[in-house]
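Notes follow the structure.
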């Protein structure tokens, strides 16, 4: 559950619901009335107001995902039609793009290996940000993303790769990836390296 930035609505998402309904993604007004029932992935609020971004199947293009926007008036618009996958979405601090994971086709039987992609919310264009295998992006600055480096492993529930305990910092300005030294935190937490992940980041001051 998450509230819109302007506090006028909130969303609730559940991956598994009964086929008879309600929808996986529900949007409620502040008084509890249902504003929308939507298909697809977990929603992501815009940086201001109460516009909501979510994915839905794109039936016009095989093996493609559509990114839609539900505006504050309840009108649905198509933001992009060219997503080849959409996992762990995070909104850029300036609200201009969403960064997410999409799998490549290097291990097709297991769904591919995750890489960082972005979608421009003004143009709908998508682009791969780095060739590094990584997942779970989190913005830690206006132009810096931390994510989990991943290494190939046996195919399983999580696909053909898994985090190896290394956090990568990707600079959107320069396009350079670098390792983040979290040894002090690892020693403090007393956790094995592979359990230090970007998913532990709950809040940042941007």
Discussion item. For the pair residue 179/residue 29, report the inter-label distance in nm, with labels modelled 7 Å from Cα in the Cβ direction.
Written reply: 5.5
Worksheet item: Where does each of 131, 84 land when they are ranked from fewest to most other beta-carbon atoms within 10 angstrom?
Response: 131, 84
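Give the relative contact order (percent, whole number) for the range 1-83; include only Cα pairs under 8 Å separated by 6+ residues.
Relative contact order, the range 1-83: 20 percent.
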Worksheet item: Helix-derived [θ] at 222 nm for the chain: sum -39500 (n - 2.57) over DSSP H runs of at least 4, divide by residue count, nearest 500?
Response: -1000 deg cm²/dmol
Worksheet, complete the sentence: Ranked from fewest to most other Cβ atoms within 10 Å of their own Cβ, 177, 94, 120 fall in the order 94, 120, 177
Fill in: Distance from the range 136-170 to the range 21-94 (C-alpha centre basis), Å
24
Response to the item:
Which of (i) 32, 21, 18; (ii) 29, 20, 18; (iii) 39, 18, 14 is the computed semi-axes √(5λ) of the Cα gyration tensor in Å? It is (ii)
Worksheet item: So between residue 3 and residue 94, what do we pick up on full extension, going 0.36 nm a residue minus the alpha carbon distance?
Response: 30.9 nm
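All of the numbers you see were taken from the coordinates with simple rules; none came from a lab. All figures in this text were calculated on a predicted structure; none of them were measured in a lab. Here the Cβ is made from the backbone with ideal geometry for all residues, glycine too, and neighbour counts use every protein chain on show.
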